[in-house]
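What follows is a set of notes on a single structure, which appears directly below.
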Amino acid sequence: MKPDLSTGLGPLRLTNPVILAAGTCGWGLELASYLPLDRLGALTTKSLTLEPWPGNSPPRLAETPAGMLNAVGLQNPGVDYFVTRVWPELKRYSVPVIASIGGRSADEYAAVARRLNRAAEGLAALEINISCPNVKAGGLAFGSHPDTAASVVEAVRRETSLPLLVKLAPMTADPVGVARAVVAAGADALTVANTIPGMAIDIEKRRPRLGNTVGGLSGPAVRPVILRLVWEIAGALPETPIVGLGGIFTAEDALEYLLAGARALGIGTATLVNPRAAIEVLEGLTEYCRTHNISRLADLVGAARGQHPEGHP
Amino acid sequence: MVVPTRGRVVEHRALGRGGYYLLLEAPQVAATAQPGQFVHLRVSETYDPLLRRPFSLHEVDRAAGRIAVLYRVRGRGTSGLANRQPGEYLDLLGPLGRGFPTPQAGTSALLVGGGTGVAPLYFLATELKRWGVGAHLLLGAATADELWRLSAFEGLGLPLEVATEDGSLGMRGRVTDLLPDRLGSSPTQVFAAGPWPMLRRVADWAAEAGIPAFVSLEQVMACGTGLCLGCAVPVVGGYVRACSEGPVFAAEEVLWDEA
């Protein structure tokens, strides 16, 4: 029997929990020759801003043990380009599309949301990126504090009735506080989490290896850290759907996140190494259900926590 | 559907001074490969090193379904790759990227390669011959032992000049020091590959000579498939991707001062 892999992120229903993460799948279209997009749970666009953003000076990448640092800096051609040039092509696919949005002010986030709400009919949801470590204004500056994070979410919430995901920063003083604040401000689900701020230094040149000096760490190296963050937030906010995102390369990795309490799974850096990673994770989840006689994958969500939603003592 | 494929190692040998020649059986790649394109190899089956490594196609035998790359051992990725034995399989993606433009038959090209930059020029030279385009090769390295595959280049039967920085073979100096002599031979285009400073000198020379130059740029890369915007190259109008809009660029488009 085919297992039921469906999941829900508040009002957003997905046929399966595997989501391509923002910034690691282009517009999705670039991957269409590598995997059947329509079999995925959803895909997330790179972050869109009101005006085009040029991105950071190279080098933008540095490989680190079992991971990588990136400092792309939200390079994107702006929301109008997306609406007029990308969306007409992307909407032909049946895969739900989540548009990631960024900005330098709450007003700018709201303006991007307004434009998408009017001009990109058929979008499945918006993901508010308040956690990019690679931009000087906006990004992480909003995601670090409950009040500023909530102000962005409130501003976007006023512009759209689309389901809203908020992508959290992993290294803030009070991630649970930020999570509570954005949910109170109208977020339907949380994406946990963005990259971890980090850096690397070239010992021959005696300079930082990234043009931006600091970047965001991703890949298998971050998985235990983000898994624990999912555990914490899922324990504190058991009713709030979470997309677990951090170093998922295989179905086994994905299952750890589900068992910790995530209801969906973001595939990010894995796609950069293997463009078929998301479909392989999906196939592996199906196989796990078959070999373990699980008819509904959703039954596994939070199962590692035992009887107590806040987790084992 | 393009799927990551596996290439069987047919031959893998050291060329001296950390250089390697790697011949793979990869018919799907060989069938459509164009000069200047690259393959993206997984150098490890573990997560460390994590990312693929891009290598320009050095040699393509479509009939035999084989491709070769040249590389220099520089870090942990290429060190691991150097241990792979004939008969083993490597996970690879490709051919990727935009290669050198195809010149008109009857024109002539100057090919300039420095260090590992000689790699794509061999494949390019074989195709130019096939297309009826004249080719003149300038190759450079630090020392004679690093002028990899020189006998293969010589076997093409094309005019060839070499320069080594230590003077151990050919002219003493850099490959770009061979450039001024070529103004008389009236090439209609220049194709170059190598380190950025060398390519910049080629670009300046070509601009002065009034002929178009196309350069294959080396840039740190993650996905190789256009997803991550990591391999940014500054060009007129903003950053573009070395893996998708390149790795070959018209030299006049590149903003050399911002790189």
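Points worth noting:
- Helix-only [θ]222 nm of chain A, DSSP H runs n ≥ 4, -39500 (n - 2.57) each, per residue, nearest 500: -8000 deg cm²/dmol
- Positive contributions from Lys and Arg (+1) and negative ones from Asp and Glu (-1), summed over other residues with Cβ under 9 Å from the Cβ of A:Val243, come out at +1.
- Burial ranking of peptide ranges B:204-212, A:105-113, A:79-87, A:244-252 (average Cβ count within 10 Å, highest at the top): A:244-252, A:105-113, A:79-87, B:204-212
- Under 13 Å from A:Lys91, Cα to Cα: aspartates and glutamates that are on another chain or at least 8 residues apart: A:Asp38, A:Glu121
- Taking every C-alpha pair closer than 8 Å and separated by at least 6 residues, the mean separation divided by the residue count of the range A:1-157 gives a relative contact order of 20 percent.
- Peptide-level mean, for A:59-68, of C-beta atoms on other protein chains within 10 Å: 6
- Global size of the range B:107-248: 15.3, 44 Å for Rg and Dmax (C-alpha atoms, Rg to one decimal, Dmax whole).
- Tensor-based shape of the range A:43-186 (alpha-carbon gyration tensor, a/c under 1.5 rounded, otherwise prolate or oblate): oblate
- Percent antiparallel among DSSP beta bridges (both partners in the protein assembly as shown, rounded to 5): 50
- When every Cα-Cα distance of chain A is counted in 10 angstrom steps from zero, the calculated P(r) takes the values 6, 29, 38, 21, 5, 0 percent.
- Amide H partners (placed H, <5 Å) of A:Arg296, local residues excluded: A:Asp4
- Centre separation in Å (Cα based) which lies between the range B:127-154 and the range B:35-59: 23
- Backbone geometry of the range B:148-159 corresponds, through the Karplus equation with coefficients 6.51, -1.76 and 1.60 at θ = phi - 60°, to 3J(HN,Hα) couplings of 5, 6, 4, 5, 5, 4, 4, x, 6, x, 9, x Hz, x marking Gly and Pro.
- Across the range B:117-127, coupling constants 3J(HN,Hα) worked out from phi with the 6.51/-1.76/1.60 Karplus curve, θ = phi - 60°, read x, 5, 3, x, 6, 5, 4, 4, 5, 5, 6 Hz, and Gly and Pro carry x.
- Overall Cα dimensions of the range B:53-133, principal axis frame, Å, largest first: 43, 29, 20
- Rounded tilt (10° steps) of B:196-209 against the dominant C-alpha axis of chain B: 30
- By the beta-carbon count within 10 Å of each Cβ, the least crowded to most crowded order of B:Phe191, B:Phe100, fewest first, is B:Phe100, B:Phe191.
- Per-residue average of Cβ from other chains inside 10 Å of B:40-49: 3
- Reciprocal mean inverse distance between Cα atoms of chain B - Kirkwood radius, Å: 18.4
- Within chain B, DSSP assigns beta bridges of which about 60% are antiparallel (rounded to the nearest 5).
- Across the alpha-carbon atoms of the protein assembly as shown, the computed radius of gyration and Dmax are 25.3, 84 angstrom.
- Peptides ranked, highest mean first, by Cβ atoms within 10 Å: ranges B:192-201, A:268-277, B:126-135: A:268-277, B:192-201, B:126-135
- Radius of gyration and maximum dimension Dmax of the range B:1-126, Cα, Å: 14.4, 49
- Under a 5 Å amide H cut-off, with hydrogens placed 1.01 Å from N, B:Leu137 pairs with B:Leu111, B:Leu160, B:Glu161 among residues at least 5 apart or on other chains.
- Across the range B:193-259, Cα pairs under 8 Å and at least six residues apart give a relative contact order of 32 percent.
- Only aspartates and glutamates eight or more places from A:Lys46 in sequence, or on another chain, were considered; those with a Cα closer than 13 Å are A:Glu30, A:Glu127.
- Across the range A:163-313, Cα-Cα distances exceeding 20 Å account for 53% of all pairs.
- The range A:78-124: translational diffusion in µm²/s, Stokes-Einstein, Kirkwood Rh over Cα pairs, 4 °C, 1.567 mPa s: 117
- Summed residue charge, Cβ within 15 Å of B:Ala64's Cβ, Lys/Arg positive, Asp/Glu negative: -1
- Using C-alpha pairs under 8 Å with a sequence gap of at least 6, the mean separation divided by the residue count of the range A:124-217 gives a relative contact order of 29 percent.
Read the figures in this text as sums done on the coordinates, not as results from a lab. Please read these numbers as outputs of a predicted model, since none were measured by experiment. A quick note on method: Cβ atoms are made from the backbone with ideal geometry, for glycine too, and the neighbour counts reach across all protein chains shown.
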